[in-house]
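Structure record follows, encoded as structure tokens.
The values are calculated or read from the model by the stated rules, or taken from the named source; none is laboratory data. This is a predicted model, so every value here is computed, not measured. A quick note on method: Cβ atoms are made from the backbone with ideal geometry, for glycine too, and the neighbour counts reach across all protein chains shown.
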Amino acid sequence: MLWIAVFARRRSLPSGARFSLATVWATFRDGFMPLLTPVILIGGIVSGVFTPTEAAAVAALYATFLATAVYREVGWRELAEIIRSTVVDTGVIMLVVSMAMIYGYLVTRAGLTDAILVWMAGISTDPTVVGLMIIGFLLIVGCFLEATAAIIILTPVLLPIMQVSGLDPMHMGVIIVLTMMIGLLTPPFGMVLFVLNRISGISLHRIVVAVAPFLIPLIAVDVLLLFFPVLVLFLPRLIM
């Protein structure tokens, strides 16, 4: 938030309406139905009604219900066009994902990831040093491998190094996910970059340049979570 505030001031971006409780209440009242989405998703996952993967379909169905039946902003003709464009966009993205996973398979078969991890383990077993090396390694990996494939391939390899150095697996699990999320924004295989390119029609180069400044606070938060595990572990420890 601080980074965006500084960024907005430096670029003299237009500001919105001033804060007021009346506006908050009016916005909350108007957006109450959409705000139920995370309640339905988290409640359904925790209660076991549906899996996290199925939750995406539930969210899509709920959004369709709101748009067509509650707010009546989308008719059947518009809905058909939305479905058609979604299928096309999904096809394009999945093609990129499939190529990225093939690339990840080749990198793994070549033994590159294992060699780097053995090298990391030989440098230090200090938790902070190992954590920083894992973050740096995953930031590089995120430039070339699709996030899901990288997590599936690398987590079993990283786990023994975490255990030897005394890093909490839950703590590092959040850091790994956050780091790979940052990888979705880094070229040449940043999946979110391709999605933005497809949806907006803006060139990939312009998107990369625009996104680059926001990588700084993301990496800063990543490192902050490493140095202060309580930021990650406070809630799990409270619940568990």
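The table that follows gives values for the structure above.
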{"read-out": "Exclusive hit being in a helix (DSSP H, G or I), among the aliphatic types (A, V, I, L, M), farther than 29 Å from residue 227 by Cβ and assigned by TED's automatic domain parsing to the domain that holds residue 228, set 159, 178, 117, 106", "value": "106"}
{"read-out": "Top-ranked residue in region 181-213 [being outside any helix (DSSP H, G or I) and over 23 Å from residue 151 (Cα atoms); ranked as modelled with the lowest pLDDT]", "value": "201"}
{"read-out": "Subset of region 208-228 (residues that are within 20 Å of the chain's Cα centre (by Cα) and in contact (Cβ under 8 Å) with a residue 60 or more places away in the chain)", "value": "213, 214, 216, 217, 219, 222, 223, 226"}
{"read-out": "Only one of 18, 84, 77, 29 that is of a type in the set (Lys, Arg) and either outside any helix (DSSP H, G or I) or surrounded by 11 or more Cβ atoms within 10 Å (Cβ to Cβ) (or both)", "value": "18"}
{"read-out": "Residues located in region 40-60, provided they are surrounded by 10 or more Cβ atoms within 10 Å (Cβ to Cβ) and more than 20 Å from the chain's Cα centre (by Cα)", "value": "40, 43, 44, 49, 50"}
{"read-out": "Condition broken by residue 152, with the remaining ones in (1) modelled with pLDDT under 80; (2) surrounded by fewer than 16 Cβ atoms within 10 Å (Cβ to Cβ); (3) among the β-branched types (Val, Ile, Thr); (4) farther than 30 Å from residue 48 by Cβ satisfied", "value": "(4)"}
{"read-out": "Region 169-210: number of residues that are farther than 24 Å from residue 101 by Cβ and either touching a His at 6+ places or on another chain (Cβ under 9 Å) or surrounded by fewer than 16 Cβ atoms within 10 Å (Cβ to Cβ) (or both)", "value": "10"}
{"read-out": "Contacts under 8 angstrom Cβ, first residue in region 6-21 being under 22 Å from residue 217 (Cα atoms), partner assigned to a loop (DSSP other than H, G, I, E, B), 6 or more apart", "value": "7/13; 8/15"}
{"read-out": "Verdict on residue 96 being exposed (fewer than 11 other Cβ atoms within 10 Å of the Cβ) and either part of a helix (DSSP H, G or I) or in contact with a strand residue (DSSP E or B) (Cβ under 8 Å, 6 or more places away or on another chain) (or both)", "value": "no"}
{"read-out": "Given (1) closer than 27 Å to residue 200 by Cβ; (2) surrounded by 11 or more Cβ atoms within 10 Å (Cβ to Cβ); (3) out of contact with any helix residue (DSSP H, G or I) (no Cβ under 7 Å at 6 or more places or on another chain); (4) not hydrophobic (A, V, I, L, M, F, W, C), number of the condition residue 37 does not satisfy", "value": "(3)"}
{"read-out": "Tally, over region 57-74, of residues that are free of Cβ contacts under 8 Å to residues at least 24 places away in the same chain and part of a helix (DSSP H, G or I)", "value": "10"}
{"read-out": "Which listed residue, of 145, 132, is in contact with a Leu (Cβ under 9 Å, 6 or more places away or on another chain), assigned to a loop (DSSP other than H, G, I, E, B), closer than 29 Å to residue 187 by Cα and assigned by TED's automatic domain parsing to the domain that holds residue 172", "value": "145"}
{"read-out": "Subset of region 231-240 (residues that are surrounded by fewer than 13 Cβ atoms within 10 Å (Cβ to Cβ) and under 23 Å from residue 3 (Cα atoms))", "value": "none"}
